[in-house]
Amino acid sequence: MLNHRNIVIVFTLIFILLISLNYSYTFHWMLYLIPLVAFFSIEFYGAYFVNSGFHIEAICEVNTNENSVALSFDDGPMPIRTEKVLTVLKKFNAKATFFLIGNRIKGNESLLLKMDNEGHLMGNHSFSHSFFFDLMSSKQLISDLQYGNNEIQRVIGKTPLFFRPPYGVTTPGLAKACRHLKFDVIGWNVRSLDTSIKNKEQLLQRVKQRIKPGSIILFHDTVDGIDLVLEDVLNYLKEKNYTVIPLDKLIQKNAYS
């Protein structure tokens with residue numbers, strides 16, 4: 001299985017072998033560079049693709065024959081934009097999971113209460129969502145994630161078990177933190193790229209092409225106009241006889257401890 005532990009073991013053995021052979025044969029130093037580049041390339045892939053399961057297993061979709069999908073939103077809460085998303089979801093009686101940044105909760109408690117009252121789920125998306133988040137030690141990460149959970153618990157009285165890594169990046173330290181906090185790591189198989197694609201039709205087409213039974217769809221409720229895209233997506237799902245169900249029901253896991 002391709003994961004961090006196995007890759008470290010394999011490449012450690014490769015370097016031990018090369019060093020041992022070097023006593024009998026003269027190697028050019030470039031020979032050591034080849035496995036080193038390969039090692040870091042694999043590590044980069046494993047860190048930046050959450051569905052690789054390289055550092056920690058993430059639930060990115062569900063294998064099912066039922067036309068059921070789950071909606072998720074990252075980076076909120078955000079006044080006005082999150083409110084618009086909630087309005088569209090209510091119109092279609094669709095439930096979503098909001099992965100919240102903890103430091104955005106203070107002052108937006110009413111939004112969390114509304115999400116909870118309307119049957120939506122909340123997950124942890126870190127407290128800081130810092131650019132340097134992935135460089136933190138496991139101890140710092142545990143503290144950051146705990147702060148995020150505490151903020152959500154403070155408002156709705158429930159402690160999240162679902163966590164989505166900022167930027168979708170995973171590291172050994174983050175894996176350790178997630179195990180410590182008993183998180184289920186949630187990825188996606190439909191990434192809308194709504195933070196970078198500005199053309200509504202292109203964005204809609206991208207999402208449509210990737211939806212399948214068991215999909216977990218990723219949006220951001222911080223993007224201007226995402227409510228309009230969401231309405232089109234929900235209309236499309238209705239036309240194709242898909243049912244939007246809560247994430248905990250799709251993956252058969254408890255959302256809160």
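The values are calculated or read from the model by the stated rules, or taken from the named source; none is laboratory data. Everything quoted here is computed from the prediction, not taken from an experiment. FYI the Cβ positions are ideal-geometry reconstructions off the backbone, even for glycines, and counts take in every protein chain you see.
Summary table
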item	result
Within segment 35-70, considering residues that are among the acidic types (Asp, Glu) and under 17 Å from Pro172 (Cβ atoms), the one farthest from the chain's Cα centre (by Cα)	Glu43
Some residue of segment 197-212 being over 16 Å from the mean Cα position of the chain (by Cα), under 27 Å from Ile142 (Cβ atoms) and not small (Gly, Ala, Ser)	no
Segment 234-257 residues that are over 24 Å from Thr87 (Cβ atoms), paired with ones that are assigned to a helix (DSSP H, G or I) (beta carbon under 7 Å, 6 or more apart)	Asn254/Asp248
Sole exception among (1) at pLDDT below 95; (2) surrounded by 14 or more Cβ atoms within 10 Å (Cβ to Cβ); (3) of a type in the set (Phe, Trp, Tyr) for Phe40, by number	(2)
Residue list for segment 107-136, filter: modelled with pLDDT of 95 or more and of a type in the set (S, T, N, Q)	Asn108, Ser110, Asn117, Asn124, Ser126, Ser128
Of all residues making up segment 67-84, the number that are in contact with a Gly (Cβ under 8 Å, 6 or more places away or on another chain) and of a type outside the set (Ser, Thr, Tyr)	1
Residue within segment 148-155 that is at pLDDT below 95 and among the polar types (S, T, N, Q) present	no
Set Asp75, Asp144: member being under 14 Å from the mean Cα position of the chain (by Cα) and farther than 17 Å from Ile245 by Cβ	Asp75
Selection from segment 185-233 of residues that are over 16 Å from Ala70 (Cα atoms), touching a residue at least 60 places away in the same chain (Cβ under 8 Å) and of a type in the set (A, V, I, L, M, F, W, C)	Val223, Ile226
Residue that is farthest from the chain's Cα centre (by Cα) [pool: residues in segment 104-119 that are assigned to a helix (DSSP H, G or I) and within 18 Å of Lys249 (Cα to Cα)]	Asn117
Failed condition for Asp232, given (1) over 29 Å from Ala47 (Cβ atoms); (2) assigned to a loop (DSSP other than H, G, I, E, B); (3) touching a helix residue (DSSP H, G or I) at 6+ places or on another chain (Cβ under 6 Å)	(2)
Number of the exception - His28 against (1) assigned by TED's automatic domain parsing to the domain that holds Leu237; (2) over 25 Å from Thr170 (Cα atoms); (3) not aromatic (Phe, Trp, Tyr)	(1)
